[in-house]
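Report on the following structure.
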Amino acid sequence: MNKKEKEIEIHNKVSSAFQQINVDGAYGGITPSGKINLNFFSERYPIPKSTFFEIKNDKLIKKVRDSSESKKGIIREYNFGIYMDLRAAKGLSLWLQECVKNMEKRGKETKNAPTCKK
C-alpha cells in the first residue's frame, strides 16, 4: 500500500488459457450456499445432419433441403458458468449499469466499449 494506506496497486495478468466467448444470454439463480450462479449460453440454429443439393454436370447447383432427421428450433449451448457472492454481484451489476448508460449516451449499440469508459 502507498499514499498513507489509501491505495494498492493490483497487477492484471492475462492467462495463457484466456479466451472470449460469445454470450447471448444467461440462466441462473441463488445456490443453496447463498451464492449467485450465472450460466452463460449462446444460441444458434441446428447444424443439419445432412444437406441435399441438386447436381448438374457433376457440380453442385443449389441446396434442395436439409435432412429430415435434423433437429428443429434453436440450440441453446451453455458455454460456462460462474458463481459469485453478493459483493461481487453488486459490483458486476454497477459496472454493467455504467456500460449500458454510456452506450445509451452514444445513441446506439457499439462493440467498442471494453472498459465502459465515457
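No value in this document is a laboratory result; all are computed from the given coordinates. Everything quoted here is computed from the prediction, not taken from an experiment.
Give me the number: length gained by fully extending Ser42 to Lys63, i.e. 0.36 nm times residue separation minus the C-alpha to C-alpha distance, one decimal in nm.
Details: separation 21, 0.36 × 21 = 7.56 nm, distance 2.66 nm.
So the extension gain works out to 4.9 nm.
Is it possible to state the helix-based mean residue ellipticity at 222 nm for the chain, with each DSSP H run of 4+ residues giving -39500 (n - 2.57), the sum divided by total residues, to the nearest 500 deg cm²/dmol? What is it?
Theoretical 222 nm ellipticity from helices: -6000 deg cm²/dmol.
Whole-Hz Karplus ³J(HN,Hα) for the range 6-15, in order, using 6.51 cos²θ - 1.76 cosθ + 1.60 and θ = phi - 60°, x for Gly and Pro?
Computed from phi, the couplings for the range 6-15 are 9, 8, 9, 8, 10, 8, 8, 10, 8, 5 Hz.
Using Cα atoms only, what is the angle between the long axis of helix 86-106 and the major principal axis of the chain, expressed in degrees (0 to 90) to the nearest 10?
Once rounded, one gets 70 degrees.
Computed from these coordinates, which is volume of the Cα convex hull per residue in Å³: [x] 238; [y] 131; [z] 91?
Only one listed value fits the structure, namely [x].
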